[in-house]
1. So which residues in the stretch 1-50 are among the basic types (K, R) and either in a strand (DSSP E or B) or within 21 Å of G63 (Cβ to Cβ) (or both)?
2. Return the total of residues in the stretch 18-64 being modelled with pLDDT under 95 and touching a Phe, Trp or Tyr at 6+ places or on another chain (Cβ under 6 Å).
3. Please name all residue pairs, on different chains or six or more residues apart, with Cβ atoms under 6 Å, provided the first residue is in the stretch 38-64 and is at negative phi and the second residue is assigned to a helix (DSSP H, G or I) and loosely packed, with under 12 Cβ neighbours inside 10 Å.
4. Starting from the stretch 20-31, keep only residues that are touching a residue at least 12 places away in the same chain (Cβ under 8 Å), then list their pairs with residues that are in a helix (DSSP H, G or I) and not polar (S, T, N, Q) whose Cβ atoms are within a distance under 7 Å, requiring at least 6 positions of separation or different chains.
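The values are calculated or read from the model by the stated rules, or taken from the named source; none is laboratory data. Everything numeric here is computed off the predicted structure, so don't read it as measured data. Counting neighbours? That spans all protein chains shown, and the Cβs are built from the backbone with ideal geometry, glycine included.
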Amino acid sequence: MTHSEHIKVTVKKFAELTGLTENAIRQYMKKGQWKYKIHWYKAPNGRIFINTKAAYAWIEGTGA
């Protein structure tokens, strides 16, 4: 398991990395396509973080 498998980034950063819009990412979360504590997490301060490994797997259609 590599360090990159545990990287969690903000919605804004994930949008920059993938070309998805922030709104699209939030819609995946809202509609339940991305699952809480699998694809995304909410920090104690209220910030949303994307689990890059799970989100990329979803984008590629290979899991999660």
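1. Within the stretch 1-50, K8, K31, K35, K37, K42 qualify.
2. Adding up the residues that qualify gives 1.
3. K53/E5
4. Once the first residue is touching a residue at least 12 places away in the same chain (Cβ under 8 Å) and sits in the stretch 20-31, its partners that are in a helix (DSSP H, G or I) and not polar (S, T, N, Q) give I25/V11; I25/F14; I25/A15; R26/V11.
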